Amino acid sequence: MEWDSIVAEYLAVCQIRRAMDLLFTDAQDEFRHQVRRWLEANVPSEARGTGPLRSLDTAEGFEAHRLWERTMYDARWSVVSWPAEFGGRGVGLMEWLIFEEEYYRAAAPTRVSQNGIFLLAPTLFEFGTPEQQARFLPSMASGEVIWCQGWSEPDAGSDLAGIRSRAERAGGSAGADASASGGWVLNGQKTWCSRGAFAHWLFGLFRTDPAAQKHRGLTYFLVPMDAPGVTVRPIAQLDGETGFAEVFFEDVSVPENQVLGTVDQGWSVAMATAGSERGLSLRSPARYTEAAGRLLSLYRQRAERDPVAARRVADAVARAVIDAEAYKLHTYWTATRVLDGGSVGPEASMNKVFWSETDLAIYEAALALLGEEAELFGADGHPSSWLDGFLFALAGPIYAGTNEIQRNVVAERVLGLPRV
Ligand SMILES: Cc1cc2nc3c(=O)[nH]c(=O)nc-3n(C[C@H](O)[C@H](O)[C@H](O)COP(=O)(O)OP(=O)(O)OC[C@H]3O[C@@H](n4cnc5c(N)ncnc54)[C@H](O)[C@@H]3O)c2cc1C
């Protein structure tokens, strides 16, 4: 894209900004200062001798991240938007976005509890019984129990409704009509469970009515990873870390009170989780505006050293920074709609395409600025944070539903185009 049109687009974004009321209230500003003060005093840092934590995809790093979750929970910062009875502060969506901005500004550790607090928790609030909420939410907020997501199977990723893992009534009868007393027996295999190697519980989809149409006859289960019959096999990644796992279920007994939502209606429960994963909660804009800010600093450093080389990447840098800012504005707009009683719906798929492509654009621009230096490993034997970030950004268009699938959803359900 030409530099002139990028500048025009940036001015348009600024205009939108002026047209919207993006001023925070005094109470929100005060909330921001409180968050900032606490994070400045507590985020692990070299100055405090607590340094950056090891990757949460290692056993040691996983435990260190859990301890951090506990520290936040004890000060009631781990789940600010949840009601106080579950460990939160009962603040609104805007305050949560402010919290996220401060969290990334402080370079605080990646949330090891993210599958629980950002994906399962909103679903528990919507579909869980009061007993389930009281049982699962506090231990999730404190980091005592870390959850993983058991959806994908070796032959069902994009085609999630094609899963074959099954749940049968303990007495042998099937589906919602069967007696509710005896619980369920699970069999099958899940794969690509992030943090599955270390997690304590799994939320997963299982087929409960094999005779029903594909999207029907599925049920959403909550399963402890140490239940008899559950086998976890870590999957080594290219970098040698083993947070990923495949999970096997062999006659695993699950009581009735670990069904989330209605039996055979698990698809709509799962779509609520997917809405959180693609929409507002998993990837707040602060993640990208913070990385875009670092990209700008990198650009300035490089431009001082070699202006001609840096100029070649200027368009890509500008593009990435504008996109991060646009995503932030879009999110505030969505949050305003939600606060006015609206919902996110299939637009979450647009979000997902946008955040994953913006992330990749930021890291690609950084690598282009760094040139061959990008590939140097640090004295600690680890790749630079730009290379590490780039490798993870490559996965963005795949996890949470591939971008091809999200584009299909946008075409059919947002734009109303015919199915091909
Ligand atoms: C970093 C990472 C973390 C993950 N974490 C988890 C997790 O915690 N839990 C979990 O359950 N899963 C997880 N996954 C798995 C992820 O959800 C799947 O990889 C994803 O849904 C794609 O499924 P698949 O790999 O089977 O690819 P496939 O479905 O086999 O797709 C292969 C290719 O075909 C394309 N394609 C397929 N169908 C269509 C179509 N109808 N139209 C157009 N293109 C199509 C896809 O876009 C893709 O490019 C994770 C994946 C990654 C990369």
By how many degrees, 0 to 90 and rounded to 10, does the Cα axis of helix 307-339 deviate from the longest principal axis of the chain?
-> 50
Two-site label geometry, residue 239 and residue 343: point separation in nm, points 7 Å out along Cα→Cβ = 3.7
Total charge of the residues flanking residue 287 in space, meaning their Cβ is under 12 Å from its Cβ, with Lys and Arg +1 and Asp and Glu -1, is +1
What number, rounded to the nearest 500 deg cm²/dmol, is the helix-based mean residue ellipticity at 222 nm of the chain, given -39500 (n - 2.57) per DSSP H run of at least four residues and division by all its residues?
-> -15000 deg cm²/dmol
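State the volume of the convex hull built on the alpha-carbon positions of the chain, expressed per residue in Å³ and rounded to an integer.
Details: hull volume 69.2 nm³, N = 420.
Hull volume over Cα atoms, normalised by residue count, gives 165 Å³.
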The chain, Gaussian network, Cα under 10 Å: of 41, 292, 314, the residue fluctuating most is 41
Against the longest principal axis of the chain, how steep is helix 3-19, in degrees 0 to 90 to the nearest 10, with axes from Cα atoms?
-> 70
Looking only at 367, 376, 391, which one moves most when the chain is put into a Gaussian network model with springs between Cα atoms under 10 Å?
-> 376
Kindly list the residues of region 93-134 that lie in the label zone of residue 75, defined by a backbone N under 16 Å from the point 7 Å along the Cα-to-C-beta vector.
-> 99-111
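Calculate, in nm to one decimal, what residue 48 and residue 214 gain on full extension: separation in residues at 0.36 nm each, minus their alpha carbon distance.
So the chain would gain 54.4 nm between residue 48 and residue 214.
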Considering only 168, 304, 246, give the residue with the highest GNM mean-square fluctuation for the chain, with springs between Cα atoms whenever their separation is below 10 Å.
-> 304
Scattering profile of region 147-275 from the Debye formula, Cα beads only, expressed as log10 I(q)/I(0) at q = 0.19, 0.20 Å⁻¹, is -1.01, -1.11
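Multiplying the sequence separation of residue 33 and residue 373 by 0.36 nm and subtracting their Cα-Cα distance, what value in nm do you get?
In short, 118.6 nm is gained.
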Residue 22 paired with residue 308, simple spin-label distance in nm, labels 7 Å along Cα-to-beta-carbon | 3.7
Across the Cα atoms of region 281-414, what radius of gyration and what greatest pairwise Cα-Cα distance (Dmax) are found, in Å?
-> 16.6, 52
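Rule-based calculations on the coordinates, nothing more; no lab input. What you see is a predicted model; the values in this text were computed from it and never measured. As a convention, Cβ positions derive from the backbone with ideal geometry for all residues, glycine included, and neighbour counts pool all protein chains shown.
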